[in-house]
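Coordinate-derived values only; no laboratory data. If you're wondering where the values come from, they're calculated on a predicted model, not measured in any experiment. Every residue, glycine as well, gets a Cβ built from its backbone with ideal geometry; the counts of neighbours run over all protein chains shown.
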C-alpha cells in the first residue's frame with residue numbers, strides 16, 4: 001500500500017504495495033470500436049504470453065474409445081484424446097439418444113473445478129457419500145444437466161485433477177501449487193497447458209458427426225470458470241460461454257484473500273490488465289456470468305465491478321443483452337436457473 005516504510009520486511013505488504021501502485025500498461029478503450037479492436041489484438045498477445053509456451057500440435061492426434069455405456073436418455077463414452085506427442089486427455093462424451101441420421105447438435109465443453117475432475121460434473125460418485133454431498137451442495141453435475149437438455153457434452157480431466165493428478169508423495173503439500181512449481185522449472189505454465197488441452201477438446205467435438213462444428217459452447221464453475229474464461233477468450237470457436245463463480249479481480253481473491261492455486265496463474269497479467277479485460281476478449285459473443293451473494297471465495301463486490309467493465313464493452317458493440325449477469329442468493333455453486341435458458345437462447349441444442 002502507498003506509504004509503506006522503506007524498512008518494511010513483510011512480503012504481504014510488499015505485494016499489496018505493488019497492487020495499489022502498479023498501473024496496468026494496457027488500459028482498455030471503450031469509446032471507439034476500432035481502438036478497442038486494436039487493443040484486443042495487442043492484449044490477446046499478452047494473455048497468451050501469461051499462459052506460457054504452449055505445446056506443439058500433433059499432426060494426426062489419436063483418439064481411443066475406452067468404453068461406452070447406456071445411461072438411459074444418453075450414452076456415455078470414455079475417450080482418450082491425444083493433445084501432445086506424450087500426453088492425452090481422459091474425458092467423458094455424453095451424447096443424447098434420439099439424434100436422427102444427419103442431425104447435428106450443439107457441443108458443450110463442460111469444465112470441472114477443483115475436486116474429482118470430470119466425474120463431478122457428470123454426477124459420478126462411485127457410491128461415495130462425500131462425493132454425492134459435494135455434487136449436491138455445489139449443484140455440480142452440469143454436464144449431466146446439459147446432456148438432458150439435448151446437448152452433446154464433453155467433460156475432460158484437466159492436468160492435476162481426476163486421472164491426471166500429480167503422482168508421487170508431495171508431503172501433504174497442495175498438489176496444484178506443486179504442479180506449478182515443477183512446471184516452472186521447465187518454463188511452462190499448467191494453466192496454459194490446460195487451455196491448450198481445452199482447445200484440442202474443441203477440435204474433438206468438431207470431429208464428431210453428431211456435433212454442429214459452428215455451435216460450440218463452454219461452461220464451468222470455479223476453476224471450471226477459470227478454464228471457460230481463458231479458453232473462450234483465446235478461441236473464437238466458442239460461440240457462447242457461462243462463467244460461474246469466478247469472474248472477479250486478481251487483487252481481490254488472489255492477492256488479498258489468497259484464495260488462489262498453482263493451476264490458475266496467468267503469469268504477469270497484472271502488468272497489463274485483469275480478469276475483466278480477459279473476459280472482454282469474449283465480446284461480442286454471448287456471455288453469462290453467475291455470482292453467488294454468499295460466495296466466500298470470489299467476493300461479489302469485485303464481480304460487480306468486473307461486470308461494469310464488461311457492460312461498457314458490450315454497449316460499445318451494441319449488444320448489451322448478449323451479456324447476462326445472474327447474481328443469485330447462494331454461495332460458491334453452479335446456479336443454472338438463468339444460465340441454462342441463456343445457453344438455450346443463444347446456442348440452442350438443435
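Using C-alpha pairs below 8 Å separated by at least 6 residues, the relative contact order for the chain is 19 percent.
Here the spin labels are modelled as points 7 Å beyond Cα on the Cα-Cβ line, and at residue 174 and residue 71 they lie 3.1 nm apart. Once a ≥ b ≥ c are taken as the square roots of the eigenvalues of the Cα gyration tensor of the range 31-346, is the result rounded (a/c under 1.5), prolate (a/b larger than b/c) or oblate (a/b not larger than b/c)? Rounded is the answer for the range 31-346, as its axis ratio a/c remains below 1.5. Here the simple spin-label model places points 7 Å from the Cα toward Cβ, and for residue 128 and residue 15 these points are separated by 2.9 nm. Summary of packing: across the peptides 326-332, 219-225, the per-residue average of other C-beta atoms within 10 Å ranks them, highest first, as 219-225, 326-332.
Relative to the current alpha-carbon distance between residue 209 and residue 5, full extension at 0.36 nm per residue lengthens the span by 67.1 nm. For the peptides 113-123, 262-272, the ranking by mean Cβ contacts within 10 Å, running from highest to lowest, is 113-123, 262-272. Can you tell which of 132, 17, 175 shows the greatest fluctuation in a Gaussian network model of the chain with Cα springs below 10 Å? Result for the chain, Cα springs under 10 Å: 17 fluctuates most.
Placing a label point 7 Å from the Cα of residue 293 along the Cα-to-Cβ line, the residues of the range 316-350 whose backbone N sits under 12 Å from it are 327-331.
Nearest 5 is fine: what % of DSSP beta bridges in the chain come out antiparallel, could you say?
Working: 21 of 46 bridges.
Of the beta bridges lying entirely in the chain, close to 45 percent run antiparallel.
Protection proxy ranking for 151-162, 185-196, 228-239, using the average of other Cβ atoms within 10 Å per residue and placing the highest first: 151-162, 228-239, 185-196.
Kirkwood Rh over alpha-carbon pairs of the range 171-283, then Stokes-Einstein at 37 °C and 0.692 mPa s: what D in µm² s⁻¹, rounded to an integer?
On the way: Rh = 15.1 Å.
Using the Kirkwood radius from Cα pairs, D works out to 218 µm²/s.
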